[in-house]
Amino acid sequence: MITVDKLVSHYGTHKVLDGVSFEVKKGEIFMIIGGSGCGKSTLLKQMCGLLKPTSGHIMYRGRDLAAMDEEEMSAMQRTIGIAFQSSGLFNSMTVGENVAMPMREFGGVDPQLIDELVRYKLSLVGLAHAQHLMPSELSGGMRKRAGLARAIALDPDLVYFDEPSAGLDPIMAAGLDHMILKLKSLLQTTFVIVTHELDSIRLAADRILMLDLGEVVFCGTLEEAAASQVDRLRQFFDRRADDFIVQRNISL
Amino acid sequence: MSECIVLCPEILDQDGGAAMYKALLKQWSRRNTSLILDFSATESIDSFGGAWIIKASGFARRKDVPFSWKGQRESLCDFLEMLAPSLQSSPPEAARSPGPLESLGALILSVKDETGEFISLCVDTIYWTLIAPFEGRGFRFNAFMDEVHEMGVRAVRIVCLMNFLLGLIIAMLSAKQVESFGIQIYVANLIFIGFARELAAIMTAVVVSARSGAAIAAELATMTVQEEIDALRGMGISPAQYLVTPKLLAMLVVLPCLATLGLISGVLGGAVWGIFVLGFRPFMWYNQTLESAAMDDIMQGMLKTFFFAIAIVMIGCHNGFRVKGGSRGVGLMTTRAVVMDIFSLICIDIVFAVIFYYILG
Ligand SMILES: Nc1ncnc2c1ncn2[C@@H]1O[C@H](COP(=O)(O)OP(=O)(O)OP(=O)(O)O)[C@@H](O)[C@H]1O
Ligand SMILES: [Mg+2]
């Protein structure tokens, strides 16, 4: 579905991604993991065309994102749903209006159905009661879930989630994982998810990509990850701190 | 006693759902005592289909009859299960719009609240500006210098230009009016007195409130929205000390200076018209201006600028701290701050006009 080939990305002169290559297949749950600040959010923004690569290619259904013109790009972006790390809700609208926004804007939805559809999406993320609240009246985790509801508003083929479960309680986070699994099996939705949650990874991930210092250190299935001897990956799964920190603690 | 059984189409998507709902409305009769959807033919459902099912259940709720389904295949169970929570509850009520008395009460309360907040901000600021530095408690000199640069130095050009052009305009206007009396030389007096007493101060204050008043409100509002103010309070630092005081002191220093520059530019603007267009010799215009220059007039104008400075900063900060509701709130509060700023400038000016022209003079 999406192929990333030798992607290099800069912010100004600061190189964030350095030759990243991998492939996401249709209907799978693809999780991206890695340390804080290693470029995961940047990679997602590249994959939905919000940032331009310095070099390398990103192919979506066989088309290079860089070669798309404006119209093609926005048509492409309508078939994907994005939930950003900081939710990206529109502050001037209620939660319900936020979810209804793509339905109204992109057309194709029967206007008398929008209300029910909004309620359905909100109840999927457990926010049915918050429909008429403003985003500024929500807690951090609620805002996150409202962002998810907006991302899946139009049954997209491909969904990008940036740390969906950060700030959620374990029960909610588990519920979210199950929802993702169900959407995948029901609608063959493809998910690309950035996460730090070991439990979600174990439960839902089909394949995992690990980034470190802007490079891919591991890409493969859960079983391969369990068998892999890549140090960074082992450290991640065993929740082991970096050696220098451990040593300093001992010397204290 | 009868059931209304609606057979759902093979593919329950947006169109299939619409057909289903239509069939439901057609089949429904008053004698029906329950509504059942028959999924025996249905192979796939998407979210739109789900929304139509919710709509059907809403219909059943309005008619006050039980709603259920039957005949679903294994593959649909998961989907219907996910749908269940949104079927049980009726949609949440939107907030009711209040009646006239309620709105009046809310207005009075909000004015009272706002006044209270404003007064407490002022008290805090007075403490941190006038008292705390002498108790040896922190004064942020670097922040003060930054603000002086931002509010003052960078506003010099626009303030001078505006006053210069205004001087030119007033000279044109008044020279035309007195042309037939042959007393155009007195335009020099008019310009000087006008700028010293009113125009330089008010014009400069308007320019500064549009520049810095808006900037203060937007900055503090954004900080409030992003919980930076809470972070500051959480560290035990008073926002009045950390943010308001440097701005207030800077403005108190800067605005009189800018108004002085404004006075000079305005008089220059008038002189340019008098000398180059009306054709007076430079030293004549110069002498006339000096003759009319009285310290009293200048003092009147300068005294006002201190009050203008306080109004601009305090209103900007007050509105910044009061922001609610994210980015939209920031825009609203910034607008409000500038409007209140300019209105308060005029109010202060009126008070001084009454004092100077009727009570003292
Ligand atoms: N808008 C930006 N301008 C400049 N540099 C940026 C910008 N956004 C991110 N960076 C830099 O790019 C690097 C990667 O950032 P990114 O947000 O992709 O990290 P991340 O992997 O998502 O981290 P986290 O898990 O904390 O969200 C960081 O070093 C950051 O400093
Ligand atoms: Mg990130």
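The values are calculated or read from the model by the stated rules, or taken from the named source; none is laboratory data. Remember, predicted model here, so these are calculated numbers, not experimental data. Glycine also receives a Cβ, built like all others from the backbone with ideal geometry; neighbour counts cover every protein chain displayed. Side chains are part of the model used for accessible areas, which takes the heavy atoms of the whole protein and leaves out ligands, DNA and RNA. Shrake-Rupley method; radii C 1.70, N 1.55, O 1.52, S 1.80 Å.
A compact table of results
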item	result
Packing-based ranking, highest mean first, of A:191-200, B:174-183 given that Cβ atoms within 10 Å are counted	A:191-200, B:174-183
Calculated over chain B: convex hull of Cα atoms, volume per residue (Å³)	275
Within the stretch B:36-79, backbone nitrogen closer than 15 Å to the virtual label 7 Å beyond the Cα of residue B:22 toward Cβ	none
Packing-based ranking, highest mean first, of A:228-236, B:351-359, A:114-122 given that Cβ atoms within 10 Å are counted	A:114-122, A:228-236, B:351-359
Helical contribution to [θ] at 222 nm, DSSP H n ≥ 4, -39,500 (n - 2.57), averaged over chain B, rounded to 500	-22000 deg cm²/dmol
Cut-off 15 Å between beta-carbons: net charge of the residues surrounding residue A:67, Lys and Arg +1, Asp and Glu -1	-3
Kyte-Doolittle mean at least 0.0 and Cα axial length at least 27 Å: DSSP H helices in chain A	none
Accessible area that becomes buried as B packs against A, both chains, 1.4 Å probe, Å², nearest 100	2300
Within the stretch B:51-72, backbone nitrogen closer than 20 Å to the virtual label 7 Å beyond the Cα of residue B:93 toward Cβ	B:58-59, B:61-64
Most mobile of B:269, B:167, B:71 in a GNM of chain B (Cα contacts under 10 Å)	B:71
Estimated FRET transfer efficiency (residue B:299, residue B:135; beta-carbon r; R0 41 Å; 0.05)	0.80
With Cα atoms, 0 to 90° folded angle of helix B:74-88 axis to chain B main axis	50
Computed FRET value (nearest 0.05) for residue B:65 with residue A:90, which takes r as the C-beta separation and R₀ as 60 Å	0.95
Cα-projected label distance for residue A:174 with residue A:188, points at 7 Å along beta-carbon direction, nm	3.2
Inter-chain shielding of A:120-129 (mean C-beta neighbours from other protein chains, 10 Å cut-off)	4
FRET efficiency estimate (nearest 0.05) - Cβ-Cβ, residue B:109 to residue A:52, R0 35 angstrom	0.10
Degrees separating the helix B:326-354 axis from the principal Cα axis of chain B, which is the longest one	30
Solvent-accessible heavy-atom area per residue, rounded to whole Å², over chain B at 1.4 Å	53
Members of A:45/A:182; B:55/B:324; B:26/B:63; B:26/B:55 lying beyond 23 Å, as alpha-carbon distances in this model show	A:45/A:182; B:55/B:324
Estimated 222 nm signal from helices in chain A, with DSSP H stretches of n ≥ 4 weighted -39500 (n - 2.57), rounded to 500	-11500 deg cm²/dmol
